[in-house]
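The values are calculated or read from the model by the stated rules, or taken from the named source; none is laboratory data. Everything numeric here is computed off the predicted structure, so don't read it as measured data. Virtual Cβ from ideal backbone geometry, glycine too; neighbours counted across all protein chains shown. Side chains included, ligands, DNA and RNA excluded: accessible areas come from the protein's heavy atoms. Shrake-Rupley method; radii C 1.70, N 1.55, O 1.52, S 1.80 Å.
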Amino acid sequence: MRYLFPFENIKKGSRVIIYGAGEMGQCYLRQIEMTKYCQILCLVDKNYQRYQALHIAVFSPDRIVDYENEYDYIIIARASRTVAGSMW
C-alpha cells in the first residue's frame, strides 16, 4: 500500500467520510474494505463526475450535509497540504 490509512487517529468502529477520491482516497477505501476497521459513509470529491465515469461511487462534497450528525470523522485524502487547502 502506498498510503496507510490513519488508523492511529481514528477510533475503531467510527463512521467516516473520505474526502478525496484520487489514489490516496481509493487506497484508504481498499484498506477499510479489507480490515472492516470503520464504516465508510461515503467518498466525496470536488471532481466527483470524473470518478463516476470510472464506475466508482463518489459524490459531490455537497452531500456531506446529508450525513450531518452521522459521521465521526472526515478524512482528507490528499498528500499535499497545499492541495488539501484548496479542496473546500
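It is to be established whether one or more residues within region 44-55 are at pLDDT 95 or above and at positive phi.
Taking every residue of region 44-55 in turn, none turns out to be at pLDDT 95 or above and at positive phi.
How many residues does region 34-60 hold that are closer than 19 Å to Glu70 by Cα and among the β-branched types (Val, Ile, Thr)?
3
Limited to region 30-41, what total is found for residues that are on the phi > 0 side of the Ramachandran plot and open to solvent by less than 40 Å² (accessible area, probe 1.4 Å)? Give the steps one after another, and end with the answer.
Of the residues in region 30-41, the ones on the phi > 0 side of the Ramachandran plot are 36.
With the extra rule that they be open to solvent by less than 40 Å² (accessible area, probe 1.4 Å), the set shrinks to none.
Residues flagged as on the phi > 0 side of the Ramachandran plot and open to solvent by less than 40 Å² (accessible area, probe 1.4 Å) within region 30-41 amount to 0.
Hey, among the residues in region 5-29 that are in contact with a Phe, Trp or Tyr (Cβ under 6 Å, 6 or more places away or on another chain) and part of a helix (DSSP H, G or I), which one's surrounded by the fewest Cβ atoms within 10 Å (Cβ to Cβ)?
Cys27
Consider region 30-55. How many of its residues are assigned to a loop (DSSP other than H, G, I, E, B) and not charged (D, E, K, R)?
6
Given the structure, is Lys46 touching a Pro at 6+ places or on another chain (Cβ under 7 Å) and farther than 11 Å from Ala77 by Cβ?
It is true that Lys46 is touching a Pro at 6+ places or on another chain (Cβ under 7 Å) and farther than 11 Å from Ala77 by Cβ.
Can you say whether Gln52 is of a type in the set (S, T, N, Q) and within 21 Å of Met1 (Cα to Cα), as far as the supplied structure shows?
no
Looking at this structure, is Arg2 in contact with a helix residue (DSSP H, G or I) (Cβ under 7 Å, 6 or more places away or on another chain), of a type outside the set (Val, Ile, Thr) and loosely packed, with under 14 Cβ neighbours inside 10 Å?
yes
Suppose we filter region 51-82 for residues that are among the basic types (Lys, Arg) and in contact (Cβ under 8 Å) with a residue 24 or more places away in the chain; how many remain?
Summing the residues that are among the basic types (Lys, Arg) and in contact (Cβ under 8 Å) with a residue 24 or more places away in the chain in region 51-82 gives 1.
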